[in-house]
Amino acid sequence: MIIDMRTLDLIGCCRPLDGEALADEEADATARVFKTLADPARVKIVNLLAGGGEPVCACEFIPALGLTQATVSHHLKKLTDVGLLEREQRGKWAYFSLKPDALAQLANLVRIAEVV
């Protein structure tokens, strides 16, 4: 029996991927964001900032998270370094807000057609 493979219908597990793969640079940048957000305190910081429209003083995160000032500063620096937060110095206090495109960036990272 001779089978012409070109005429066979593809079964579900053998179909080629429909979407485009991320470029290496995009995959690396995305992995850095996920790695940064792998800490619950950082997720809470992003969540708190997403809920308000105004920049928040770093000191306000200390009671909200129940962490020390040094730990909060560490988390805020990580989020700023990865590009999710903006930092504004007002006298001796630093105020943080989500970058304008950060929410869109986060939404695009988790938008999976089968789930959404």
Inset, instruction - Using a 1.4 Å probe and ignoring any ligands, DNA or RNA, find the accessible area of T36 and quote it in Å² to the nearest 10. - result: 20 Å²
Inset, instruction - Report in % the part of the accessible area of the stretch 45-116 that belongs to carbon and sulfur, leaving out ligands and nucleic acids; probe 1.4 Å. - result: 55 percent
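The values are calculated or read from the model by the stated rules, or taken from the named source; none is laboratory data. Quick caveat, the model's predicted, so the values are computed rather than measured. Accessible surface is based on the protein model in full, side chains and every heavy atom, while ligands, DNA and RNA are left aside. Shrake-Rupley method; radii C 1.70, N 1.55, O 1.52, S 1.80 Å.
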